[in-house]
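Here is the structure we will look at.
The values are calculated or read from the model by the stated rules, or taken from the named source; none is laboratory data. Just so we're clear, the structure is a prediction, and the values are computed from it rather than from any experiment. So basically every Cβ, Gly included, is an ideal-geometry build from the backbone, and we count neighbours across all protein chains shown. Surface accessibility is based on the protein's heavy atoms, side chains included, excluding ligands, DNA and RNA. Shrake-Rupley method; radii C 1.70, N 1.55, O 1.52, S 1.80 Å.
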Amino acid sequence: MISFSSIQHRSTQNSTTITTAVASSSASTTNRTFLLPHHHTHKFYFNSPPFFQTVDLPRRLCIRAIDAAQPYDYEAQLVNRFSQSGKLKIAIIGFGNFGQFLAKAFIRQGHIVFAHSRSDYSSIAQSLGATFFFDTHDLCEEHPDVILLCTSIISTESVLKSLPIQRLRRNTLFVDVLSVKEFPKNIFLQYLPSHFDILCTHPMFGPESGKNGWQNLAFVFDKVRIGNEESRLTRAETFLDIFKNEGCRMVEMTCAEHDKYAAGSQFITHTMGRILEKLQLDSTQINTKGYETLLNLVENTASDSFDLYYGLFMYNKNAMEQLERLDLAFEALKKELFGHLHEVLRKQLFGKSEAGAREVTQ
Ligand code: NAP
């Protein structure tokens, strides 16, 4: 067998000379011919005994030494076998709180997880069974099937712009899990070439609310752009199946619809949680069920980063309207309370004289 790990290729006017620096030639070299791109006479120097033997070859050459191509065949076979396994190579960009939480489920279901983050999470990744890459170039050269953006909402655009997407396969699937949806959809469409697929998603739960499993928890998705080749459709479905398999309630809706609903539900929930957090509520011996719910709400929302909450406000155009509605509702409630109080006070202060005046007029 002849290994070609180090080949020097010299061309002269009449001949091309190739010298291998590998001494693993066991068979006779003279009975082998090689096809090279140029139609020159080729001379080969092998460093197996006799060292640097020159072999003159005829003009048109063809490879008969099939062992030369074997390493490539082997790699291709591995890739083939993996793609037939129905498993994905998922690269999580942003391996913080939520990225790690998702990685556990992906790995549990047999997918291969790569991770990259601004901070060093290599030992956490290793303990979870994922491979951590410090450099996004190295990560992209692994040709993941899916790039999953799991960065804070406010950093997502700069992170996406910094990815060396030219190193990816031509039709890689981009997915995001941001808690707002129109914003990532727009930046994906703006920065990604048209041959990349786009799936915008939002798991409506987090490490706290999903710690006991994802059964019946909502998972919102919008297939923004999925090519109609079988393999691309299957890839997107395989990714969605991860959440289906965990028991999520799959909800397909547009990114715009999501943002409208989420501002009225999720943003309000987080805002109430953060207001209550500022009150520094204490647990007491006489907690009611309702009060326990409030304490849980604080725990659920305060454990998320402020970046996340700020992102819900800044990157959902419906959030400001909800904040104003909340303000108005609080004012209206206070007015109602003070109105009642005012009536009681009035009765106490002027009750008798007003009653007397009414009798006179009757
Ligand atoms: P987050 O504070 O929203 O995001 C933290 C992640 O963003 C970390 O991976 C962090 O990297 C990265 N990051 C922050 N600033 C960055 C910057 N300037 N440059 C590069 N990376 C930066 O907290 P999270 O809970 O992990 O959420 C991640 C994403 O998931 C968010 O988009 C959020 O909306 C979404 N999501 C979260 C939940 C949840 O319950 N937590 C639920 C659904 C969806 P380092 O850690 O390396 O600094």
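Which of the following residues is within 16 Å of the ligand (Cβ to nearest atom), of a type in the set (A, V, I, L, M) and touching a residue at least 40 places away in the same chain (Cβ under 8 Å): Leu312, Leu326?
Leu312
Residue by residue, here is whether (1) open to solvent by 40 Å² or more (accessible area, probe 1.4 Å); (2) under 25 Å from Glu229 (Cα atoms) holds:
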{"position": "Ser119", "(1), (2)": "yes, no"}
{"position": "Gly129", "(1), (2)": "yes, no"}
{"position": "Phe133", "(1), (2)": "no, no"}
{"position": "Pro144", "(1), (2)": "no, yes"}
{"position": "Leu148", "(1), (2)": "no, yes"}
{"position": "Glu157", "(1), (2)": "yes, no"}
{"position": "Arg169", "(1), (2)": "yes, yes"}
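Checking Gly99 against (1) within 19 Å of Gly210 (Cβ to Cβ); (2) out of contact with any Ser or Thr (no Cβ under 8 Å at 6 or more places or on another chain), which single condition isn't satisfied?
Against the list (1) within 19 Å of Gly210 (Cβ to Cβ); (2) out of contact with any Ser or Thr (no Cβ under 8 Å at 6 or more places or on another chain), Gly99 comes up short only on (2).
Need pairs with beta-carbon distance below 9 Å; first residue part of a helix (DSSP H, G or I) and open to solvent by less than 60 Å² (accessible area, probe 1.4 Å) and within segment 77-92, second of a type outside the set (Val, Ile, Thr) and at pLDDT 95 or above; sequence gap 6+ or separate chains.
Phe82/Lys89
Please identify the pairs in which a residue from segment 201-212 that is closer than 13 Å to Glu299 by Cα and open to solvent by 10 Å² or more (accessible area, probe 1.4 Å) has its Cβ atom under 6 Å from the Cβ atom of a residue that is more than 7 Å from the ligand (Cβ to nearest atom) and assigned to a loop (DSSP other than H, G, I, E, B), counting only partners at least 6 apart or on another chain.
Filtered contacts from segment 201-212: Glu208/Ser303.
How many residues, within segment 324-347, are within 47 Å of the chain's Cα centre (by Cα) and open to solvent by less than 60 Å² (accessible area, probe 1.4 Å)?
3
Exactly one of these conditions fails for Asp307: (1) open to solvent by 80 Å² or more (accessible area, probe 1.4 Å); (2) in a helix (DSSP H, G or I). Give me its number.
Every condition holds for Asp307 apart from (1).
Please state which one of Asp73, Asp56 is open to solvent by 50 Å² or more (accessible area, probe 1.4 Å), assigned to a strand (DSSP E or B) and either touching a strand residue (DSSP E or B) at 6+ places or on another chain (Cβ under 8 Å) or at pLDDT below 95 (or both).
From the options Asp73, Asp56, the qualifying one is Asp56.
Return a yes/no flag: does segment 327-345 have any residue that is at pLDDT below 85, assigned to a helix (DSSP H, G or I) and farther than 30 Å from Arg274 by Cβ.
No, the conditions are met nowhere in segment 327-345.
What number goes with the only condition from (1) over 28 Å from Asn186 (Cα atoms); (2) modelled with pLDDT of 95 or more; (3) in contact with a His (Cβ under 9 Å, 6 or more places away or on another chain) that Leu128 does not pass?
(3)
Taking segment 175-197, which residues are away from the ligand (no atom under 15 Å from the Cβ), closer than 15 Å to Ser158 by Cα and either among the charged types (D, E, K, R) or in contact with a strand residue (DSSP E or B) (Cβ under 9 Å, 6 or more places away or on another chain) (or both)?
Passing the criteria: Leu189, Leu192.
Somewhere in segment 121-139, is a residue under 12 Å from the mean Cα position of the chain (by Cα), closer than 20 Å to Asp304 by Cβ and within 16 Å of the ligand (Cβ to nearest atom)?
no
Quick check: is even one residue across segment 225-236 loosely packed, with under 14 Cβ neighbours inside 10 Å, of a type in the set (Asp, Glu) and within 14 Å of Asn171 (Cβ to Cβ)?
Yes, segment 225-236 has at least one match.
Which of the following residues is without any contact (Cβ under 8 Å) to a residue 60 or more places away in the chain, farther than 27 Å from Gln322 by Cβ and open to solvent by less than 50 Å² (accessible area, probe 1.4 Å): Phe174, Phe221?
None of the other options fit; the residue is Phe174.
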